[in-house]
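**Student:** To start, I am sharing the structure in question, which I have written as structure tokens.
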Amino acid sequence: MSNASVDVEERRQFARVTPVQRIRGTVGNVVVFLVDVSVNSARVAHQLPLPPAGETAILTFDWEGRRFSAPCQLRRTRTEKEAKSEFDKPLYHSGLTLTADPTRESLIEYPSA
């Protein structure tokens, strides 16, 4: 059984999968946690800055024993929680567009439900 729920929104071209458990990954060298993911996009939570909007990086994560990796372009970042002190870190959510890589057969493989 998959550890995901599907969130279907009318305006989206592809359904999003929202992991039930936290899934740790990276965008470039920055640690992120998947908030949701679809065939062509992802939303991640992170505490360190990602590259500026329009820049590209590689999104990588492991899910149910499989490695997922795809080139992505940062679309937007918003602050979810401000740092409350100099020792605290802010929490950001960023939207990523997954981009095609013609040298790979499959960009993302999703676990079966």
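The values are calculated or read from the model by the stated rules, or taken from the named source; none is laboratory data. Remember, predicted model here, so these are calculated numbers, not experimental data. For neighbour counting, all protein chains shown are included, and Cβ atoms are generated from backbone atoms with ideal geometry for every residue, glycine included. Heads up: the accessible areas ignore ligands, DNA and RNA and are worked out on the full protein's heavy atoms, side chains in. Shrake-Rupley method; radii C 1.70, N 1.55, O 1.52, S 1.80 Å.
**Student:** Enumerate the amide H contacts of D36 below 5 Å, restricted to partners 5 or more residues apart or on another chain; note that Pro and chain-start residues carry no placed amide H.
**Tutor:** For D36, whose amide H was placed from the backbone, the distant partners under 5 Å are R43.
**Student:** Same structure again: Along the three principal axes, how long is the range 15-72 when you take its alpha carbons, biggest first, rounded to the nearest angstrom?
**Tutor:** Computed over the Cα atoms, the extents are 29, 21, 17 Å.
**Student:** Using a probe radius of 1.4 Å on heavy atoms only, what accessible surface per residue do you get for the range 21-96? Whole Å² is fine.
**Tutor:** Dividing the accessible area of the range 21-96 by its residue count gives 59 Å².
**Student:** A follow-up question, please. For a protection proxy built on the mean count of beta-carbon atoms within 10 angstrom, sort 71-77, 54-60 highest first, please. Before the final figure, lay out the partial values.
**Tutor:** On the way: 71-77: 17.1, 54-60: 14.3.
The most tightly packed comes first, giving 71-77, 54-60.
**Student:** Let me ask something else about it. How large is ³J(HN,Hα), in whole Hz, for each residue of the range 27-37 in order, when computed from phi with the Karplus curve 6.51 cos²θ - 1.76 cosθ + 1.60 and θ = phi - 60°, using x for Gly and Pro?
**Tutor:** 10, x, 9, 9, 6, 9, 10, 5, 8, 7, 8
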